[in-house]
Every structure is written in C-alpha cells, then in structure tokens.
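Visitor: Just dropping this structure here.
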C-alpha cells in the first residue's frame, strides 16, 4: 500500500497536467476466483484522489467482485455467467477523467509437479499425480487426450486408464481445472515404452473374510526371470504371495494385491480383493500372553454364526491340544513370539489368532521369610541352608542349630591363622547360629590381638564365647573374668590391693554388663527431672569394684613354682588366687550392692559378678546389643522389653539364658516382619557383608586364607580391634540423625569405596585359591537379561528387587560388551546398592 | 509399611533423598567459608625418644645427659647438635635430623613443648610411687598409651578421639559441608572418631577410584555409572538403606574430588617422596580444596612408625627425624603458598618417651616426652612447659632410669590446640575429661 501511494505522489510531481489520462495497472488479465489483486492507477491530476468501481458500481459487488478505496480487488468466489468485468478508476477532481481495465475470472491456477510412476507400458496404467491447485473435477490429459481422473485432494489426483500404444515415447501429462475460465497446467513428461514381459495374477479378483489367507500366483512370460515382488495396500502379503486379510474390516472393504515383475518393474498387475465380515466369526482368548519354557496356557475359542462351534487349533511353535491347551516348547523358539490359530471347523476361512511370547523360565525366588531369617540366624542364606530351612521350618531349624555340636576352635600357631580360621568358620561352619552369636558376643566382650599378640592369648577367649553362646551369660562373665587372656587384656592379672587396677572393673560395667547410664527395662534411658541421663555408677564404685577384684595372678606354668605374682602365662583356663593381695574389706558396689567383709578372692569375685549381672541395667543393655547385631539397629522398646522379659525369666541356664534369649530375639514378631518398616534393618558390618556375599554365591573362604588384611582395610580387623570398644560402638548413631546405625561408624565414604572394590575383586576373580564364588548359575542364563536380573534378585535380594532397580540394571546390561559383562554389571550394581548393604 | 501412612513417610524420605541427591561439590559450594583452621597431628609411633630430640645445653644438665646416655648421647657419627635458645635465654639444642625445620625456630614458627605425657592429674614422683593419685592405665604399654594419647582419657576409656570430639564441638562451623572433618592419612584412627563428625581414612595419593566403572566400551562404562547414580538416588522408603546409599554417594563424590586434586594446579612447594611427605602433601591438597569442600575446621592425622628404638637408635631416629623435618618444612611452605600459614597448626605426638639410661644401643619404654608445634599462629622460638631435671631418680624421673614423669598433661597440650581451633573454654572439659584437674588450661604457645 505504501509503495502505491508513494508512486502516485511521484507521478503527480513529474507529469504535466495537459496530458492528464488515468491508466490502471495491471491491465486486463485473468484473476483466479476468490483471489485478490492489488490494482494501481496512474493519476496525473491534482489532487490525485480517485474512486474505484466494478462494472459501474463503486466498490464493486458480490457477483463481479469487490474493490477497496485503495484499489485492492477481490475476485468473486463464483465465476459470473458472462465473465466480463470492467474496473474503472475515476478522478474525484475531474469526473471526466477516468481509466478502465477489462479482466476475467478464472479457475484456480493448476500445476503438476510429478507423476508416479513416470514410466509405463502401453495399456492399463495407474498414476499418482502430485501437484497443486487441483479442484474437484480436475482432469488429467495425456497428449491432450483426457484420462479417467479421480480427485483426491488439491495436491493429489489418481489416474487410472489406458495408454494407447500410439503414444510410445514421451507423452505430455497436463492437469485441467475445467469450466468457465478453465486453467491448464504446464506439462510433465511420462515415458511410454513397451516391454517384452507380460504378467498375470491369479486369482485376478477374490472375496475374502477378515483374518483369512489366500495364496496368489503370478505368471511371467517374456523373460527368463519369472520372479515377482508382491505388495498390498491392506493386509499383509508374504514374499511367496500368501495374502493375509486384516483382522478388522477396513473401509472401503477392498484391497489390492500387486505383483511387479523383477525383470521389468514397469510391468505390474493387480488383483482386486473384496473383504467381508464372514458369517461365521471366531475369537480367541486370551489374544496375547507371556509364558515360560514348558509352561502351559489354556486358550479358548468362541465361534459365532454357526451351530458348529468346533475349531481346529494350530501353533507356530510348541504344541496345542484339540481342547486348546498350549504347551510352550522346551527351548526358546525363534522368533520368541508364537502364533496360535483357531479356525472354525464349519467355515475354515473364519479364524482367529493369538500371540504368545515365550520366555526363559524364571529363577525360583527364595522364601523371603526364610532368607531373612538366615540373615539374622546365620551369616546369610546359602541355597543349601534355604533348602534345609524350607524342609524343617524355623522352629525345627532353630532346635537343630541349638543342639549342633560347636565347630571346634583350635589354637593355631599365630593370631594371623586364628583370624583366617575365624573367617573360614563364619562362611562354612554348619553351626551357623552359634557362629553368629559368637560374632555378636565378640562385639560386646572384646579381647584384641592388638594387645594380646599370641594366639594362646586370644583364641581361648573365642573358645569361651563359643562354649557359652547358647549357655548362661552369667557363666560367660565368670569364665571371661577369670581367664588369663582377659587378665592380660584388661589387667586384672596381678591387680593388687591397695593399688588395684581399675581397667577391668571399669569395662566390666561400662561394656560387658550395665553401661554408663541407667536404663528402663525396655532399654530406653532413665531421665532425671531435668531430662538428663543418670550415671549407673561413679568413680568410687569403680574403685570399690577394683578392690573387690584384687588378688588374681596368671596361672603357674606347668611344672613351675607358683609365685606371689606370676608372669604372663596362659597354660590354664583360669587365673590363680593370691589371697594376700586381696582386699577383704566390706564394700558397696554398683547400685549399693553390698559385699561383706572377709571374702576370699574367688567368692568375692563371684559376688561382684552377681552384683553387676543382677543390676537391672544388664538385661536391657546386653539384649539391645544382641538385637542390634542380629536383627535391627533400632528395635522398638517393646521388642527389647519382650526379650528382656525372657532374659529375666529363669530358663534352664537361669537368668540370662542365651539360648532362650537368642530364640526370643529371632522369633519375635518384629524380627519376623518381612515387609520392612521405615527404620527396619541394620547396615551389614564388613565381615558379615563379605561372608554373606560369599555364602549367597555358594562360595568358600578357605581355612588358610590371607583375607584378614582386607578386613583391616575395611575397618574390622578380625579379632584385632583397636581397643576394648571393638571395631565400632553398638550405640553409634547415623551421622546427623537420631537413628542408631552402629556399623556406620566404620562405613565412611572411604570404606564404602573399599568395600565395593572388594566385592568387585571377588566378582572379577571368582576362583581365587583362598576365596571363591560360583557365578555359573548367572553366566548360564546368558543372553536373557531379564532372567539374569531375576537370578540376581533371588540371590541377593530374595525377590525384593524394585522395578526401578531392575530397569536400571537392564539399561546398563544392554550396553555391556558381552553376556558375561552384563552378568557382572547386574551383580555388581546390585551389590553396591543400599538394598544389599543393609540387612532388612 | 502400611498403606495408611506410607504416603507421608515416603514424602519425608523423598525430601531427604533430594537433599542427599545434590553432589558434594554443589552443596559445599553454597557454604563458602569465611575462615579456615586446620590441626595436623604427626604421630611418632613407637615411642619417640625425646631425650635425643631436644638436648639441654646448660653445662650441668648437658654433662648429666652425656654421663647417663653414654654412647647414645649426641653428637655422634650421624646426629649433630643444632643450637636453639628459649626466650628466657636458656640454651638447648635439637637433633640435626630436624635440620630442615631448624630455621623455623629462628623465624619463631616452631616451638617445643617439654615433657608432655598422659596424666589424669598433676602427679609428683612421690604420688606416683605411692599410687596416691589416679594414673593412666597401663603406663609404658604401647597399645594402651597409643590409644590414650589419641583419646585423651587416661585412666578411663573412650570410643572417640580428642580430635573427633574437638571437631564435634565445632560441627556447626562446617555447616552442610559433608567432606570428612577428621581425616587420617594412616589408616583408621580413634583420634579422628567423633560422635557427630564424619571421619575418614585416606591413602595418600590414592583417589579411592571405584573399581569396575571404567571399562570397554566407553558406552558400557557410562551406562554402568549412570545406573549406579540412579540406584543410589532411588527412594527405597527405608532409612538405613537411604543412609547407606548416601555414604556411597559421598564416597563417589569424594573420589571425584580427590581425582581433581592432582588435576589442579600443582604446588610450587615440592614434597619429599617419603611416606610422611606424601601424607602431608595430601593434607595440603585437601586444605587447598577448602573453598570447594566448604569445610572451615578440619583435623588431620599423619603418622611415622619406627620409633620403638630398643636398639640401633642413633641412626634410626636421626633418619626418621630427617624424613619428618623435611616433610614438615615442605608442608609449612605449602601452607604459606596457600595463604593459610597462620590457620594451620602442626603438632607432634608420641605414645610415650623413652628411658634416658640406654639399654645397649637403644632405650626402653618411658612416659613423658617432648612435642613439637609448628605454624604461623605458633609463638615460636620458645620452649613451653617445664624442661625436666635429668637426674636419675630425680624429681622428674618416674623410676630410676630417666623415664620422665610428665610435667605437662596431654589434656593441657590438646586443650591449647583446641582452644586456638575455636573450641570455647566451657567445652574443653568435655573433650578433655582430665583437664579439670589442671590449673593451667592454656600452655600459651598459640596466639
């Protein structure tokens, strides 16, 4: 618009008035109906304002088109009968001055871009015409001869007709929008050439019900190559010409089957297929399913439209009975999708199909309850132990374990060997429950090879833990207190009145019996009115207890002479009393527990142990530690209370009967809760973590293994913790939270990396001489990644693997370089997950 | 988990998970540290013979020393005497194994704290001999004194170390930063264990790279790493599982950080290739990362073994001193390079000293010994505490062979360091349970 006005002004300045004549641009021409065109006028008159009129009407009309005051002409949507249109521009300054232009309205402009195919043989052809501006009724001509044309869209026409042999060579195709003001496209070329090949298809037409199949044959003459290529627009056709109708009736219910000669692709013949819904229909249920090798699946067929509802069944792989009971093959078929066909006996063309996906058999998931139980009552399950437990049930299994003879614990030449044998027993000993309880007691009552460097200074202590694991905690305290090993470790040996050594008395109370603060019987701390914890004892009690325990010395060496103070000697299970170094005064011990004057060393020691053992703190203190190691870091007070009640009920071994206590811990409803609650479980400690991993993979750690070093790195040197506090405190809390998580004390970022790396070392070196695991069951599953994942799920997580974890594993496995790497990926990533790091 | 309350539990956990999902670096970048302090312990493991580390140079004491020490006295074939002088004018000498840090005495960056040891309370010879006061348990025993020197609980026992408790009390300063606050370069040590703080042990130069995460093809490695990341951030709905995942995530982040240590601009300072040199280099590298980690208070533990010199002491101790002083000097220079020389205090400890009277070519387990303190904040060029009278059976001898009765308790030594570190005086008694028994709570060697 702006350019038009500017041009008018420019003309005004330059043009002399005398030559004033109005001229319209553009001049007369055709304008496609419904389109607009901007007209301009040359007006050499001042002022240069004009009016626009169509066929004498200013602004025009619907019949002949409209024009705006600025000359924008809009052609009518319908071509007027006479199709003669005059545009007139008149000067408003001088009505005598005007200009006119004649125009006519045309059909839309039409274009052909291409024809497909663009080469044909004479005879029947079918061409797709691609172009623009086609109107309904558009006609394609070949060398100006019209061909039957179907309008598909303004850009697409379909031509089916006959190309006469006279047109051999290059023919011109044009499209015409007919009618008044008709338009014709520029031509495109169509090559017409004859072929020696001729082709026929049989049947040339047929009617088929849906789902039915029909074999088509093609006969090629004129070429040695009689091959054809089959295609269809609806349904499917095999390379051999077997056509399968679609399962749903299409609209229109027709299909075209086309055979093209391979020798001359220009030569193609089609057959017309008419599809119908058969009078008889068959449906199959279920239409699809997944099943494992050798598994069976019952299929049912429903026949409608015939009194005879019988069907005949067939399967592309596997077997199916006449009653529709399908049995999957024993080996995975290729492809793994099996097609089941049910066809009506009355009308065999009426049929239906079902698709079954055959999968490798899944590994059996262990009984979660049993696997969890073995996490607590053993160092995790082995497949053998799961089987035994499955046969016996928990009660009988417990009874059996409680009565198994203890695995012998020899005193080897060195503590290094003692560590190796300890690790071996944990993995391999049949009396798993006893080994598990020994390990728990080993965290409560500690002797360390760090201070007791020789094997006879450590192993007899371990023998005591084994001996009393299902016995009396009180008796264990007696034997430990008198043992020369503890006598050395915490300096009770040669503790003499009046300068009594306070080391043992202090730890006896702080760690082995009562703990530092007064507890309720459910293990929660007692609080004073200010809300503070209340000390269990004070320094005076420690001093009194130390005096009460004076008078013990190391055993006299065999054949040696007893001294008043013997040198270190470990040849006997108990120390010897020296009454002359014993403080015989009356004393008041923990909680005011009285000791009368004049007792002998042995009698007074017994009295001291009664005082600490019978203190109300001891039951909840020890019980909560046992629960934390065996079952869960955060037992409910009610759980502790229930077990404390058992502790306080005199069993066969009296109060503190560990057999009854351990049984109560393991059978408690809170331990047997297989659906984990939010705070359930405990982080595996390094020895347990590795032992359980080896056991679950049916592996072994030999008695002469050199693996103690690995556990030193992981913060849990077997039998050699840094102090009497053991490798970690059973009261340690997870950093930044209120939850107890003892094992987290030695699970810092560094140890988490080292623990993961140790797992990786085992996985990548599964057959080391002193440590092996069996990966064969995983490797055997080979390419079936889902089966591998389920095997890992069964073995490490007892069937509790979440779908998201499975998905992550599957994605990582797909990227692995081979099946073995994929297996390694699944095992390793699962072992690194928190789900596996925690016993829950 | 029941359906009725699973939603709220899961929501809570998801929040926790999201907080935990950010990487260490991201979280820590938010906590930019306005100030930084580090304590670095160098533990002389085995019982360092202080008698041949700091030698009296007054004529009477030196003659006494030479008379009692005999062939073990220095100077000898290896060790020469390097003169130092206390601010009060008293002359001493240090073993020239410490030659690399001798100049730092003159620069007033190095101090000696004399005759320190595990004590429950101030103890005289008479009190000790009559057992009239509480004493540390199992004096002269390696494992016991080693632990007590780290726990500062002589006479009782503890599951935490005094460094761990020290950073515990300043945990707030480290904010949300999750890099370990107490790090041992020499295996797990109770010294670093706290009730709250994250402690860790690192292997110097080893970036804890997780195994099995670099494999062929690279796409498989990426897929495995990606899957592990997904797995560690899954919401299990189980607190302990989430906590375990968080530790591993922190481990991966820590590993990535340590990997970055070597990639960053190298130190101008060159560290000796000895074990202690590499331990201190790793400490310096972590201090260098302080802006990234967001840590404001860190404690480090390094150790050197071989001080249990029952024989062949002369050469062995001199050689160990050479290694240590070389590394300490490099470490001090690196703290200058990092601009934190005034913020890092290095100190030595040993579980006990040794007998002045030799046994053969070595010496036996003792009690009190001399410790070194080095750093820009140290009021150096001086000797603190009370240098012992070397007379056998004298007031500073716990027995008859010159096994020194400490005149300064470990609690006083540690409390001085912790106070400088920022621990309020009111909190010191909790960290050092025996400190209440001593009237001097600050030995004054730090400003």
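Visitor: Counting only C-alpha contacts under 8 Å and six or more residues apart, can you give the relative contact order of region B:154-213 as a whole percent?
Guide: It rounds to 37 percent for region B:154-213.
Visitor: Let me ask something additional. Taking every DSSP beta bridge with both residues inside the protein assembly as shown, roughly what % is antiparallel (nearest 5)?
Guide: 75 percent
Visitor: Give the distance, in whole Å, between the Cα centre of region A:808-840 and the Cα centre of region A:16-93.
Guide: Cα centroid to Cα centroid, the span is 81 Å.
Visitor: I need to check one value: relative contact order of chain A, counting alpha carbon pairs closer than 8 Å and at least 6 residues apart, in percent.
Guide: 7 percent
Visitor: Still on this structure, I have one more. Is it possible to state the helix-based mean residue ellipticity at 222 nm for chain A, with each DSSP H run of 4+ residues giving -39500 (n - 2.57), the sum divided by total residues, to the nearest 500 deg cm²/dmol? What is it?
Guide: Calculated mean residue ellipticity at 222 nm is -8500 deg cm²/dmol.
Visitor: Next question, about the same structure. P(r) of the protein assembly as shown in 10 Å steps, Cα pairs, percent per bin?
Guide: Once binned at 10 Å, the Cα pair distances of the protein assembly as shown give 2, 7, 12, 14, 13, 10, 7, 6, 7, 7, 6, 5, 3, 1, 0, 0.
Visitor: Taking the simple approach of a point 7 Å from Cα along Cα-to-Cβ for both residue A:111 and residue A:649, what is their distance in nm?
Guide: The answer from the label model is 9.7 nm.
Visitor: To continue, here is another question. So what is the relative contact order for chain B, in percent, with contacts set as C-alpha pairs under 8 Å and at least six apart?
Guide: Once normalised by length, the contact order is 30 percent.
Visitor: What is the mean number of Cβ atoms from other protein chains located within 10 Å of the Cβ atom of each residue in peptide B:213-223, rounded to a whole number?
Guide: 4
Visitor: How high is the FRET efficiency from residue A:357 to residue A:770, r the C-beta distance, R0 51 Å, rounded to 0.05?
Guide: Efficiency at R0 = 51 Å is approximately 0.70.
Visitor: So, one more: Going by Cα centres, region A:538-564 and region A:610-675 are how many Å apart?
Guide: 32 Å
Visitor: Where the Cα atoms of chain B are projected onto their three principal axes, how long is each span, largest first, in whole Å?
Guide: Reported extents, whole Å, longest axis first: 81, 48, 38.
Visitor: If you count, for every residue in A:754-765, the Cβ atoms of partner chains within 10 Å of its Cβ, what is the mean?
Guide: Neighbouring Cβ atoms belonging to other protein chains average 3 per residue here.
Visitor: Using only Cα atoms, find the angle between the long axis of helix A:383-403 and the longest principal axis of chain A, and express it within 0 to 90 degrees, rounded to the nearest 10.
Guide: Between the helix axis and the principal axis of chain A, the angle is about 30 degrees.
Visitor: Could you sort the peptides A:386-395, B:317-326, B:332-341 by per-residue average Cβ neighbour count (10 Å cutoff), highest mean leading?
Guide: For the peptides A:386-395, B:317-326, B:332-341, the packing ranking is B:317-326, B:332-341, A:386-395.
Visitor: Let me know the mean shielding of A:375-381 by other chains, meaning the per-residue number of their Cβ atoms within 10 Å of its Cβ.
Guide: Neighbouring Cβ atoms belonging to other protein chains average 0 per residue here.
Visitor: OK, next. Would you mind checking the tilt of helix B:59-69 against the longest principal axis of the Cα atoms of chain B, expressed as 0 to 90 degrees and rounded to 10?
Guide: For B:59-69 against chain B, the angle is about 80 degrees.
Visitor: If you scale each eigenvalue of the Cα gyration tensor by 5 and take the root, what three semi-axes come out for region A:198-276, rounded to whole angstrom and sorted largest first?
Guide: Whole-Å semi-axes of the equivalent ellipsoid: 24, 10, 10.
Visitor: Next question, about the same structure. Does region B:317-447 come out rounded, prolate or oblate by the C-alpha gyration tensor, with a ≥ b ≥ c the root eigenvalues, rounded set by a/c under 1.5 and, if not, prolate when a/b is larger than b/c and oblate if not?
Guide: Oblate.
Visitor: Going by alpha carbons, how many degrees (0 to 90, nearest 10) lie between the helix axis of A:803-814 and the longest principal axis of chain A?
Guide: 70 degrees
Visitor: Can you pull the one-decimal nm distance between simple spin-label points at residue A:225 and residue B:129, each 7 Å off the Cα toward Cβ?
Guide: 11.9 nm
Visitor: If you don't mind, there's one more thing I want to ask. Using a Förster distance of 25 Å, how high is the FRET efficiency between residue A:21 and residue A:84, based on the Cβ-Cβ distance and rounded to 0.05?
Guide: 0.60
Visitor: Rank-order A:91-101, B:348-358 by packing density, defined as the average count of other C-beta atoms within 10 Å over each peptide's residues, highest first.
Guide: The densest-packed peptide leads the list: B:348-358, A:91-101.
Visitor: Still on this structure, please answer the following. Using the count of nearby Cβ atoms within 10 Å as a rough guide to exposure, how do A:646, A:823, B:423 rank from fewest to most?
Guide: Fewest to most other Cβ atoms nearby, the residues stand as A:646, B:423, A:823.
Visitor: Using only the Cα atoms of region B:115-255, what are the Rg and Dmax in Å?
Guide: For region B:115-255, the Cα-based Rg and Dmax read 21.7, 74 Å.
Visitor: In whole Å, what three semi-axes, largest first, describe the equivalent ellipsoid of region A:281-359 built from its Cα gyration tensor (square root of 5 times each eigenvalue)?
Guide: 24, 10, 10
Visitor: Another one. Quote the FRET efficiency, to the nearest 0.05, computed for residue A:239 versus residue A:346 with a Förster distance R0 of 25 Å and r equal to the Cβ-Cβ distance.
Guide: That pair, residue A:239 with residue A:346, gives E of 0.20.
Visitor: Could you give me the radius of gyration and the Dmax of region A:722-809, taking only the C-alpha atoms into account and expressing both in angstrom?
Guide: For region A:722-809, the Cα-based Rg and Dmax read 17.5, 51 Å.
Visitor: If the chain between residue A:337 and residue A:325 were fully stretched, how many nm would it gain, using 0.36 nm times the residue separation less the Cα-Cα distance?
Guide: 2.6 nm
Visitor: Could you line up A:541, A:262 from fewest to most neighbouring Cβ atoms inside 10 Å?
Guide: Fewest-to-most Cβ neighbours within 10 Å comes out as A:262, A:541.
Visitor: If you don't mind, another one. Could you give the distance between the Cα centres of region B:212-242 and region A:783-801, to the whole Å?
Guide: First find each Cα centre; the distance between them is then 17 Å.
Visitor: Can you give me the distance in nm between label points at residue B:107 and residue A:706, each placed 7 Å from the Cα along the Cα-to-Cβ direction?
Guide: Taking the two extended label points, one gets 4.5 nm.
Visitor: Return A:593, B:302 ranked ascending by Cβ neighbour count within 10 Å, so the fewest neighbours appear first.
Guide: A:593, B:302
Any read-out appearing in this document is the output of simple, stated calculations on the displayed coordinates, not a laboratory observation. Bear in mind that the values here come from a model prediction, so they are computed numbers and not experimental data. Cβ: placed from backbone, ideal geometry, glycine included. Neighbour counts: every protein chain shown.
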